[in-house]
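The values are calculated or read from the model by the stated rules, or taken from the named source; none is laboratory data. Note that the structure is predicted; figures quoted are calculated from it, not measured. All Cβ positions, even for glycine, are placed from backbone atoms using ideal geometry, and neighbour counts span all protein chains on display. When the accessible area is computed, the model is the full protein with side chains, heavy atoms only, and any ligands, DNA or RNA have been set aside. Shrake-Rupley method; radii C 1.70, N 1.55, O 1.52, S 1.80 Å.
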Amino acid sequence: MTARTEHHRPALPAAVGLVLVGIASVQLGAGFAKLLFDDIEPNGVVWLRLATSAVVLLLWARPRLSGRSRVDWLVAARYGVCLGTMNWAIYQSFSRIPIGVAVTIEFIGPLVLAAIGFRRPRDLGWVALAALGVVLLGFERGHLDAAGVGYALLAGVAWAGYILSSAATGERWPGIDGLAVAALVAVLLLSPLLLTVDGGDLVDGRILAIGAAVGLLSSVVPYSAELVALRTLPAATFGVLMSLEPAAAALAGLAVVGEDLAAIQWAAIGCVVVASVGATRATRPDRAIHPDVTSE
C-alpha cells in the first residue's frame, strides 16, 4: 500500500462520523423529496433525483465504455434496473406512508439477505425480531396505506437485488464506473414515467433546484462519505452503522415533514434497528452483505 493511500485514510472516529453524515444526508434528501410531492408527482421527483445523480457520477467517474463485453453491460444493466426500481418504489411509498415507516419496512430486504450468512440457527431470532417490528407497525393502521406498504416491500426486494448486483458489478467495473453506468440505466428506465408529470413542473426553477438538491443529498454526498469511510471501517462496522437508517428516516420525517409517529411505531423501528445490528454481527465476515450506497 502506498504512502499516498495511507495519507488519505481517515481516523476511525472520523470514518464513523462520515458514515453518520451520509445517513443523515440521505434521509434529509428523502424528507425534502416528500416536500416536493405537493408540487410534482413522485415520478417526477425520483427522475430528477436519479438524473442529478447520474450526471454527477458520470462526470466524476468518466467510465471507460469501449472494449466492454456483453456480460459487463448485462451486469451493469441489472444493477441499474435494481437501482431504478428501488428508488421509484420507495418514493411511491413515501407519498403514502411516513418516511420512517417506509424505510423500516424496506430495510427487511437487506436484513433477510444478511441472514444468508448466519452461522447458527439461533441467529434467526434476529429475523423474528424484525418481523415483530413489522407486526407492530400494523397495529397503527390509521397511518398505513396498503399500497404504501406494498411499495416499501418492493423497494426492499429491489434493495436486496441492488446489493447483490453491486458485488457483481464491482467485479467487472473499476471504481464507481459501474455505479455511474447503472445510474444512467435507471434514468433511462424511468424516463417514460415523465409522461405522467406536468411538463411545466419540469421547467420550474424552484422544483428543479430542490430536485437537484435531493439528488446531491440522497446519492452524491452519502456515496462520497461512505467511499472515504470504507478505507478505514471494517465491513461489519459499516453494516452496524447502516442499521441506524430506519431511525434516522423517522427523525428526518419528523424534522422536515412533521411526521409524528405513535409510540408503538417507534418501538417497531427500534425492533428493526436492533435486529439489523444483531444480524450484521452474526453474519460471517466473508459473507457479510451491506449496501454500498444508501437506497433513498
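Brief remarks follow.
- Computed helical MRE - 222 nm, the chain, DSSP H runs ≥ 4 contributing -39500 (n - 2.57), nearest 500: -22000 deg cm²/dmol
- Taking the centroid of alpha carbons for each part, the stretch 251-277 and the stretch 21-68 are 24 Å apart.
- To put it simply, the accessible area of the stretch 12-282 at a 1.4 Å probe is 69 percent carbon and sulfur.
- Of the peptides 123-132, 198-207, the ranking by mean beta-carbon count within 10 Å, highest at the top, reads 123-132, 198-207.
- Span-like helix ranges in the chain, DSSP H, alpha carbon extent 24 angstrom or more, Kyte mean at least 0.5: 12-35, 42-61, 146-172, 263-282
- When +1 charges are put on Lys and Arg Cβ atoms and -1 charges on Asp and Glu Cβ atoms, the dipole computed for the chain relative to its Cα centre reaches about 1160 debye.
- Mean Cα-pair separation over length for the chain, i.e. relative contact order, pairs under 8 Å, 6 or more apart, %: 41 percent
- If you take all other residues with their beta carbon under 13 Å from the beta carbon of D201, and give Lys and Arg +1 and Asp and Glu -1, the sum is -4.
- Euclidean distance between Cα centres, the stretch 74-143 to the stretch 145-207, Å: 16 Å
- Positive-end residue, the stretch 12-282 charge dipole about Cα centroid, Cβ charges, pick of W47, N87, S69: S69
- Selection among L179, G200, V134 by position relative to the dipole of the stretch 12-282 gives L179 as farthest towards the positive end (Cβ unit charges, Cα centre).
- Protein heavy-atom accessible surface, 1.4 Å probe, per residue over the chain: 43 Å².
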